[in-house]
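In what follows, a single structure is set out as structure tokens and then discussed.
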Amino acid sequence: MPKKRKVAIDPKNKQLNFLKGDLLDYIGVNLDCHMVGRIISYDRSNHRCDVQPLPLQSDGDKRATLTECVVPASLYLIDKLTIKVGSVVWVGFCDREMDNWTGTSNYKIDTKRMHSKQDPVVEAVIKP
């Protein structure tokens, strides 16, 4: 019977520390899920709005405006009560890109873009 070799694959846990620390931080920074923002313009006919994110960047500057945010029917059907310029909203980012989405049917995905600030959807109004 052959002897088992005693070989340490990662004796100082460098790979494990990279996976648990640096890699997870890198993925988290580049993954967009939700953000709080204020509506700065609203197109009632197309149900789209532009939102200024409220969290500041690490250097204290404002973040770039989220343009063409989709406003769902669950909000715009009562928009006279809830949605207006100045409203604070909760914005989510679609799992996949929405470039070819028309709002009514299946659509083709042209890129590998996922959880991007380019695909914002207003999910709730926090303060009208």
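Only the coordinates and a few stated rules stand behind these numbers; no lab work does. In this text, all values refer to a predicted model and were calculated from it rather than measured experimentally. Using ideal geometry, Cβ is built from the backbone for each residue, glycine included, and neighbour counts are taken over all protein chains shown.
Annotations
- Residue in the stretch 67-74 that is surrounded by 18 or more Cβ atoms within 10 Å (Cβ to Cβ), in a strand (DSSP E or B) and touching a residue at least 12 places away in the same chain (Cβ under 8 Å) present: yes
- Extreme residue, surrounded by the fewest Cβ atoms within 10 Å (Cβ to Cβ), among residues of the stretch 31-60 that are charged (D, E, K, R) and out of contact with any helix residue (DSSP H, G or I) (no Cβ under 9 Å at 6 or more places or on another chain): Asp59
- Residues that are surrounded by 14 or more Cβ atoms within 10 Å (Cβ to Cβ), more than 22 Å from Leu31 (Cβ to Cβ) and not polar (S, T, N, Q) within the stretch 76-89 comprise Tyr76, Asp79, Ile83, Lys84, Val88, listed in sequence order.
- Residue check for Gly28: surrounded by 14 or more Cβ atoms within 10 Å (Cβ to Cβ) and either within 17 Å of Glu123 (Cβ to Cβ) or not charged (D, E, K, R) (or both): no
- The residues of the stretch 48-66 that are part of a loop (DSSP other than H, G, I, E, B), under 16 Å from the mean Cα position of the chain (by Cα) and under 17 Å from Gly86 (Cα atoms), listed by number, are Leu54, Pro55, Arg63, Ala64, Thr65.
- Checklist (1) assigned to a strand (DSSP E or B); (2) of a type in the set (Gly, Ala, Ser); (3) under 21 Å from Met114 (Cβ atoms) applied to Gly28, failing item: (1)
- Matching residues, the stretch 13-47, being under 15 Å from Val85 (Cβ atoms), free of Cβ contacts under 8 Å to residues at least 40 places away in the same chain and among the basic types (Lys, Arg): Arg44
- Selection count where residues are of a type in the set (Phe, Trp, Tyr), surrounded by 15 or more Cβ atoms within 10 Å (Cβ to Cβ) and either without any contact (Cβ under 8 Å) to a residue 40 or more places away in the chain or not in a strand (DSSP E or B) (or both), scope the stretch 90-128: 1
- Residue-level analysis places Lys84 outside the set of residues that are within 16 Å of the chain's Cα centre (by Cα), of a type in the set (D, E, K, R) and not in a helix (DSSP H, G or I).
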